[in-house]
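The values are calculated or read from the model by the stated rules, or taken from the named source; none is laboratory data. Everything numeric in this text was worked out from a predicted model, so none of it was measured. Methodologically, a virtual Cβ is constructed for each residue, glycine included, from the backbone with ideal geometry; neighbour enumeration extends over all protein chains shown.
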Amino acid sequence: MASITLAVNGSTRTVDVDSSTPLLYVLRNDLALKGPRFGCGLAQCGACTVLIDGVATRSCVTPVSRVSGQITTLEGLAQGGQLDPLQQAWIDEQVPQCGYCQNGQLLTARALLDANPNPTDAEIRQGMEGVLCRCMSYYRIQSAIKRVARVSTASFTDAAIGTGAKS
Amino acid sequence: MNNKFTAGLQLPPEVESAIHSINPATSRRGFLQASGALFISAGLSATLAGRVIAQATAGNSGPYPHPDFLQLDTWIVIHPDNTATFFVGKTDGGQGTGTAFRQMMCDELDIPYSSTRLVMGSTDTTPDQGGSGGSDGVEVDGWPMRYAAAEARRTLLELASGRLNTPVAGLSAENGKIAVTADPSRTITYADLIGGQRFDVMLDGRNINSTRGVADVKPVQDLRVIGQSIPRYDIPAKVDGSLTWAVDVKLPGMVHARNVRPPLAGASLQSVDEASVSSMPGFVSVVRESNYLAVLFEREEQAINGARALRAQWTPPAESPFPASKDLFDYIRSQNPTSSSQPDVTGDPDAAFASAARIVEADYDIPFQGHTAIGPAHALADPSDGQMTIYSNDMKSYGLRLGVARFLDMPEDRVRVVYMDGPQVYGRTAADDVGFEAAYLANKIGRPVRVQWMRDEETAWDTKGPAYAFTLRGALDATGNPTAIEYDARALDFNHVGYNDPDTVLIAQLMGRRPAQPGRGGAAKPSVQYGIANQRHTGHVVSLPMIWETPLRCGNLRDPNGPQVTFAFESFIDEMAAAANADPVEFRLNMLANSSEDNAFRKARSLATVRAAAEVYGWETRPSPNPQQRSASGASISSGRGIAYTYRSGTVVATIAEVEVNRDTGHIFVKRLVCAHDCGLVINPTGLQYTVECGMLHGLSRALWEEVQFDTEKVTSVDWATHPTMRHSDTPESIEVVIVNGDPNPDRPDLPHYGAGEASHKPMIAAIANAMFDATGVRLRRVPFRKERVLGALRGQLT
């Protein structure tokens, strides 16, 4: 067992766990966070995704002892009581069916837009390719990402925002 | 207050909050406790508590009796703040049925949607509507909900009549209050009439589906909340991370378990070396019974490590449990069936074939396809105080409760299932192996036990949709009109598992428990609306060599046989159209026009739906294949479009797929989808649209990717590399859902609400196969259409 300090959603947390423990189980079972979920344990599906210093990271294969940097989980995406624009778009587009995978979809989309605020359709598909949804909500996910990208683009060009128009 | 109804274990606060959506103070338990004083002082006897007392007298003293569906109070509680909670015995797999149920009940009760909440599928608080399955939630179970709400409204009007000293006929109900119609300043709220108290009204009904009170439901013209695209209430908490899912529940003293499955199908467990794990940190125990094996540890990662480290000796079975998946269809076609249905015969197909100008014949094959849920199966069972509480996303929670009670030989009223959100259900959690495992282990060690399956376990060992091999023959006359069709299906479905059956769930099989007879299984026949004069439809069930303890267990997968059967049938209809040199839409419309079957106006609605799909798509009338197969987007890309039509129960659907096929790589991209969908009265148009979309894409995934593969010893599809599924890049560029509500006949009565969870899933594989043929002139008769198979077909190789 080792005492390990993590920076999670703006707080400093210390846990006493085996150093090889995947970050996923520490977040879920020691820090009572519900956003990251077990899907495969193989870094294949993305359900366990967290952001570490803004990089979408598969927490199911990341030993907790190797983590340095700021961890953001789904619970930490909202800032100052305001939902992340992607979360709002997910609600506006009514994206989820069951919703189990949406943690990974949202956080991967956040990392994608941080790196490329106005992605093309092809770039969205490519950037999201590794995150699986077995309810197949992909079309809605892509619509929601485009909605945020369009809004952010519109704000740069001082165009009207929030007309509610759908693609 | 500590009546029998509330004497059971309290739920953890976060669970109470999660299942009672927002406000624990208004929960059923809170309501009953708060209203207990009324019960005592008024001495009412025919209410919830009265029922419990009667049961206690009969010696049935468990804390979790069935809520009585004949009591209005079981369905609806009006709170002192003039809000209402609805209690329904259904579950929502993410299709928005919970929101739809609320809308239906709000409309009948005349209360604002925002003033209500809904509790679903928890066996001690909601009436047993069987949970979910068969897309019948809105279609069937919505009716008693509507009738109960209508009866509540009628009761409130009667109470108001006394309080306002006005006949009911002179009152009107709206937005949770009742006004004197002639003097709208005189009002009284529902809360003032009954807030926090019981209705104490009995309903009638031989069974829960026919439950109703005195009041009738509203005519369609008076519905106001139904028909609105109200956003799903469950989505915000799913995107901000605040929802407590079944997978999140934690209890003091709980331990984590992982199963250890036979490494080879049918292997027998000879010995277990407990010492191989007993010194590992957090070790609790190894549990073994016959071939069921599990490890329990204090922490989750410890259990995972322990399951991997445990040394066990397994003896392979004497005979191969199944042929390899590459040989599956030869196997199916060579076996003697375990059962065959009586053929459904119309007309004289033999004579029609004898006089046919042309006969078309084709075989189709579709493999085992799995659920492969994104979140592997999970449950938490709490054995405290001699009861058993299971936290689960079981879609048929009532069946899990009954099954576990039988499995553990416990009185049913000492077992409850608390239904919570979870990963996709689609039939998987109707045979909820993990709930039984958690309950068994918890009972065994006397501590709460949480079990979650691992990825390889889920993909290999979940229940499978049955594989099918089909042979179809069709006859055309000299003018190209279809005169006969013959359908012969072989389904590898013997020993299809039951719903939460304590003798057929996986743990029971591994422990050697067996029902008296294996399940017979079934081979489905197509949904035929076409007017073809001579028809013969036959189904046969075939068995694998090993039927127990096999990872190839058939269970229900989203419209359990529909996608397979419709793939074969609607592909074949397309082949007949091509043989007749007819346009595929025209060919279908002509057959529909010739139909004499118009149950639920299905003939007229089918014609309207096929026409709507073709019109929205911009369908060009011509035979397939496309004479201009090379598209502008690339020399090696061929484009085409295909249609498939079907119905499921009362719902009619026509889907058009547009594909681009890369002739160099064999890759199929489904570029555009149009679905015309008629499920009668629409409760929530946007919710319907998105469910239809996702149902289509689930079908797309099954068409292009999904196959459970195995060698002669074990399933080899064990993760997302060996069992690929649809990804973002497969998503069509455009999906259009056309909600058709009936035929153009203004004299027809209003349609009821039919189901929508599966109908759009059903024709998808056929639509893509038909589009592939249109694009290339090559017919795909074996699912899935992965690029190697497509490339082989394009090069004229057998697939």
B:Asp583: passes all of (1) among the acidic types (Asp, Glu); (2) out of contact with any strand residue (DSSP E or B) (no Cβ under 7 Å at 6 or more places or on another chain); (3) within 19 Å of B:Gln535 (Cβ to Cβ) but (3)
Looking across segment A:71-101 at residues that are more than 15 Å from the chain's Cα centre (by Cα), free of Cβ contacts under 8 Å to residues at least 40 places away in the same chain and in a loop (DSSP other than H, G, I, E, B), the single one that is farthest from the other protein chains (Cβ to nearest Cβ) is A:Gly80
Taking segment A:112-142 and the residues there that are buried (at least 19 other Cβ atoms within 10 Å of the Cβ) and more than 9 Å from chain B (Cβ to nearest Cβ), the one that is farthest from the chain's Cα centre (by Cα) would be A:Pro119
- Among the residues of segment B:335-344, is there at least one that is acidic (Asp, Glu), assigned to a strand (DSSP E or B) and in contact with a strand residue (DSSP E or B) (Cβ under 9 Å, 6 or more places away or on another chain)? yes
- Might you check whether a residue that is outside any loop (DSSP other than H, G, I, E, B) and basic (Lys, Arg) occurs anywhere in segment B:488-498? yes
Turns out the strands (runs of 3 or more DSSP E) fully within segment B:346-395 with at least 1 residues that are over 29 Å from the mean Cα position of the chain (by Cα) are B:358-366
Is one or more of the residues making up segment B:234-253 within 14 Å of another protein chain (Cβ to nearest Cβ), modelled with pLDDT of 95 or more, touching a Gly at 6+ places or on another chain (Cβ under 7 Å) and under 26 Å from B:Phe69 (Cα atoms)? yes
Screening A:Ser3, A:Ser19, A:Ser68 for residues that are away from chain B (no Cβ under 12 Å) and part of a loop (DSSP other than H, G, I, E, B) leaves only A:Ser68
Residues in segment B:350-381 that are within 14 Å of chain A (Cβ to nearest Cβ) and free of Cβ contacts under 8 Å to residues at least 60 places away in the same chain total 1
So, first residue in a helix (DSSP H, G or I) in segment B:207-229, second residue of a type in the set (A, V, I, L, M) and at pLDDT 95 or above, Cβ within less than 6 Å, six or more apart or across chains; the pairs are B:Asn209/B:Val140
(1) assigned to a loop (DSSP other than H, G, I, E, B); (2) buried (at least 24 other Cβ atoms within 10 Å of the Cβ) all hold for B:Asp128 apart from (2)
Checking B:Pro518, B:Pro526 in turn, the sole residue that is farther than 19 Å from B:Thr550 by Cβ and either part of a loop (DSSP other than H, G, I, E, B) or out of contact with any Ser or Thr (no Cβ under 6 Å at 6 or more places or on another chain) (or both) turns out to be B:Pro526
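Over 23 Å from B:Ala357 (Cβ atoms), more than 20 Å from the chain's Cα centre (by Cα) and in a loop (DSSP other than H, G, I, E, B), is that true of B:Thr504?
no
Being away from every other protein chain (no Cβ under 14 Å) and over 29 Å from the mean Cα position of the chain (by Cα): is that true of B:Asp598 here?
When the stated conditions are applied, B:Asp598 does not pass them.
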Given the condition more than 12 Å from chain A (Cβ to nearest Cβ), within 27 Å of B:Asp107 (Cα to Cα), of a type in the set (Gly, Ala, Ser) and outside any loop (DSSP other than H, G, I, E, B), answer yes or no: does some residue in segment B:276-292 qualify? no
Counted residues in segment B:80-109 being away from chain A (no Cβ under 14 Å), part of a loop (DSSP other than H, G, I, E, B) and surrounded by 24 or more Cβ atoms within 10 Å (Cβ to Cβ) come to 2
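Tell me whether segment B:433-455 contains one or more residues that are more than 30 Å from B:Met410 (Cβ to Cβ), in a strand (DSSP E or B) and touching a helix residue (DSSP H, G or I) at 6+ places or on another chain (Cβ under 8 Å).
no
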Those residues of segment B:289-313 which are crowded, with 18+ Cβ neighbours inside 10 Å and touching a Leu at 6+ places or on another chain (Cβ under 7 Å) amount to B:Asn291, B:Tyr292, B:Leu293, B:Ala294, B:Val295, B:Leu296, B:Ala303, B:Ala312
Of the residues in segment B:692-729 that are within 8 Å of chain A (Cβ to nearest Cβ) and hydroxyl-bearing (Ser, Thr, Tyr), the one that is farthest from A:Arg134 (Cα to Cα) is B:Ser729
**OP:** Could you tell me whether any residue of segment B:165-177 is buried (at least 17 other Cβ atoms within 10 Å of the Cβ), assigned to a helix (DSSP H, G or I) and of a type in the set (S, T, N, Q)?
**Re:** no
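Residues A:Cys40, A:Cys48: which one is more than 10 Å from chain B (Cβ to nearest Cβ), in contact (Cβ under 8 Å) with a residue 12 or more places away in the chain and touching a Phe, Trp or Tyr at 6+ places or on another chain (Cβ under 7 Å)? Walk me through it before giving the result.
Working: A:Cys40 fails: more than 10 Å from chain B (Cβ to nearest Cβ).
When all the criteria are applied, what remains is A:Cys48.
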Sole miss for B:Gln197 among (1) surrounded by fewer than 17 Cβ atoms within 10 Å (Cβ to Cβ); (2) more than 14 Å from every other protein chain (Cβ to nearest Cβ) is condition (1)
Selection over segment B:538-583 where residues are surrounded by fewer than 24 Cβ atoms within 10 Å (Cβ to Cβ) and either assigned to a strand (DSSP E or B) or free of Cβ contacts under 8 Å to residues at least 40 places away in the same chain (or both) yields a count of 2
B:Ala516 passes all but one of the listed conditions (1) touching a residue at least 12 places away in the same chain (Cβ under 8 Å); (2) surrounded by fewer than 19 Cβ atoms within 10 Å (Cβ to Cβ); the exception is number (1)
Practice item. Consider B:Ser392 carefully, then state whether it is among the hydroxyl-bearing types (Ser, Thr, Tyr) and in contact with a Ser or Thr (Cβ under 7 Å, 6 or more places away or on another chain). Key: no
Q: Inspect segment B:117-132 for any residue being among the aliphatic types (A, V, I, L, M), over 30 Å from B:Gly403 (Cβ atoms) and in contact with an Asp or Glu (Cβ under 7 Å, 6 or more places away or on another chain) and give the result as yes or no.
A: no
Note: among B:Ser320, B:Ser325, B:Ser341, just one is closer than 28 Å to B:Ala294 by Cβ and out of contact with any Cys (no Cβ under 9 Å at 6 or more places or on another chain), namely B:Ser320
Scanning segment B:733-760 for residues that are in contact with an Asp or Glu (Cβ under 8 Å, 6 or more places away or on another chain) and facing chain A (nearest Cβ under 10 Å), the one surrounded by the most Cβ atoms within 10 Å (Cβ to Cβ) turns out to be B:Ile735
